[in-house]
1. Looking only at segment 71-78, decide whether some residue is closer than 17 Å to S7 by Cα, in a helix (DSSP H, G or I) and either in contact with a Phe, Trp or Tyr (Cβ under 8 Å, 6 or more places away or on another chain) or not aliphatic (A, V, I, L, M) (or both).
2. Could you tell me how many of the residues in segment 22-42 are open to solvent by less than 70 Å² (accessible area, probe 1.4 Å), assigned to a helix (DSSP H, G or I) and without any contact (Cβ under 8 Å) to a residue 12 or more places away in the chain?
3. When segment 43-67 is examined, which residues are found to be within 11 Å of the chain's Cα centre (by Cα) and surrounded by 14 or more Cβ atoms within 10 Å (Cβ to Cβ)?
Amino acid sequence: MAAWPTSNSLLPLHTAALRAERAMTTARETGGDVEASREEYLAAATALHAHPYWEQARQAGEHYKASQASLQAAKAALDGAEA
């Protein structure tokens, strides 16, 4: 499967959503404030999904490839920053 090109403006949005998702998971596992983490995740995910890049990918029939490429780039960026 060829990777779909990602948008530079998409990476910070997807990284923020992934970071918030991880925080929500950690909060749930440690008995922390899941509601606050959930609100942060919802805000980040909403901003991510509102990006016009997704419509371009849908029109090209490449939404799945686009979402996987974006997710992998966000994971790499986030995991690299945590190392």
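1. The answer is yes; a qualifying residue exists.
2. 4
3. A44, A45, A47, L48, S67
The values are calculated or read from the model by the stated rules, or taken from the named source; none is laboratory data. Note that the structure is predicted; figures quoted are calculated from it, not measured. In this analysis, Cβ positions are derived from the backbone assuming ideal geometry, glycine residues included, and neighbour counts consider all displayed protein chains. What goes into the accessible areas is simple: the full protein's heavy atoms, side chains included, and nothing from ligands, DNA or RNA. Shrake-Rupley method; radii C 1.70, N 1.55, O 1.52, S 1.80 Å.
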